[in-house]
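As structure tokens, the structure follows; a few thoughts come after it.
The values are calculated or read from the model by the stated rules, or taken from the named source; none is laboratory data. Keep in mind it's a predicted model, so treat the numbers as computed, not measured. Cβ placement follows ideal geometry from the backbone for every residue including glycine, while neighbour counts extend to all protein chains displayed. Protein only, heavy atoms only, side chains kept; ligands, DNA and RNA dropped before computing areas. Shrake-Rupley method; radii C 1.70, N 1.55, O 1.52, S 1.80 Å.
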Amino acid sequence: MKQVGAGRKLRGAGVVVLSLAAAAGWSGAAQAGDLTGHIDLVSRYYLRGQTSTYGNSTPLGNAGADAPESDHVTPQWGADYSHESGFYAGYWGSTINYSYRQLGDSYRNRTITDFQKNKSIENDLYAGYNGTLGDWGYSAGLTYYVYVNGTDSDAAESKLALSYGPVTLSAQTLLQDVVWGNKGDTYWTAVYTRALPYQLSFTATLGFYTYRKQGKYNGTEDTLSGTACGAGEAFIVNGCYAGKTPVGSAFRHLTLGLTQPIADTGLTWGAQFIVGGRNRFDVKQDNRAVVSLSYGF
């Protein structure tokens, strides 16, 4: 999710707003007992506001298995099912422009430097329950991230959410150490949605992270050799690097998005502007714009 996103582990515009909602367990487009799907093209795939780097110093780009998940036009897809009982389930997928297999293997084989072969495909499988208590809505669920061409990257993440009117608050907690995160990392979001004239829909998402500072693949200790990094260094998957050290929490991003259906074609255009925050090493992320086109069925 690079997220996993799995460095790693988000999900980029208009349609990506819809995909993010689906990945969080809120399949608002699907009515009780309905099965819906979508195919999307996004200009970039930025994972939960990480536009520049997952690391603690100089960005390495996709050639170095660094942010973003994809640095060019990216196909994404998914399907959602919701039942009148409140049960929901779904799937979301995306291509990634580097290899989680090579990245994971580099933890044990430090000679690996080619992260462009065996590029990965992210697959998010999720299910849970949506309910209401008076004017309040709530959701509880689980997502499992599976990477085609991935090593040490598959993981489960719990999801809890509470909504009132146009505002939804949610917490998503990683349940195991993977190359893109540490067990206990929690992604907090506050989402505001509003319908506008001309069938426009506005969404504002404020993202914040609380981090577990030390894990198997991210921290200040090379857990493979059992040795600590030097002063001012951090361990990131395959080595200790000079730069910033882990923080316990950080503002991750503010994402402002618009979507609008294109007549009766089944197509929806979208645009997002991401105000970049900071990653797990307190490195500032760049501001970025993303556009998308989606077909729903």
Original post:
Is it the case that segment 150-159 has a residue that's under 17 Å from Gly49 (Cα atoms) and not hydrophobic (A, V, I, L, M, F, W, C)?
Top reply: no
Original post:
Out of curiosity, is Ala65 modelled with pLDDT of 95 or more and not β-branched (Val, Ile, Thr)?
Top reply: yes
Original post:
Are there any pairs with C-beta distances below 9 angstrom linking a residue in segment 277-297 that is under 15 Å from Leu47 (Cα atoms) to a residue that is open to solvent by less than 50 Å² (accessible area, probe 1.4 Å) and among the basic types (Lys, Arg), with the two at least 6 apart or on different chains, and if so which?
Top reply: Gly277/Arg252; Arg278/Arg252; Asn279/Arg252; Gln285/Arg252
Original post:
Out of all the residues in segment 252-279, which are in a loop (DSSP other than H, G, I, E, B), open to solvent by 20 Å² or more (accessible area, probe 1.4 Å) and on the phi < 0 side of the Ramachandran plot?
Top reply: Ile262, Asp264, Thr265
**OP:** Can you give me the number of residues within segment 72-92 that are surrounded by 17 or more Cβ atoms within 10 Å (Cβ to Cβ) and not in a strand (DSSP E or B)?
**Re:** 0
Original post:
Where in segment 195-251 are there strands (runs of 3 or more DSSP E), lying fully within it, with 1 or more residues that are open to solvent by less than 30 Å² (accessible area, probe 1.4 Å)?
Top reply: 201-210, 233-236
**OP:** Sort out which residues of segment 172-186 are more than 21 Å from Leu206 (Cα to Cα) and part of a strand (DSSP E or B), and write them in order of number.
**Re:** Val178
**OP:** Would you be able to tell me the number of residues in segment 280-293 that are basic (Lys, Arg) and assigned to a strand (DSSP E or B)?
**Re:** 2
**OP:** Under 6 Å between Cβ atoms, at least 6 apart or on separate chains: pull out the pairs that start in segment 103-118 with a residue that is over 15 Å from Thr223 (Cβ atoms) and end on any residue that is open to solvent by 70 Å² or more (accessible area, probe 1.4 Å).
**Re:** Asn118/Arg101
Original post:
Can you tell me which residue in segment 161-171 is nearest to Phe115 (Cα to Cα), limited to those that are open to solvent by 50 Å² or more (accessible area, probe 1.4 Å) and in a strand (DSSP E or B)?
Top reply: Leu169
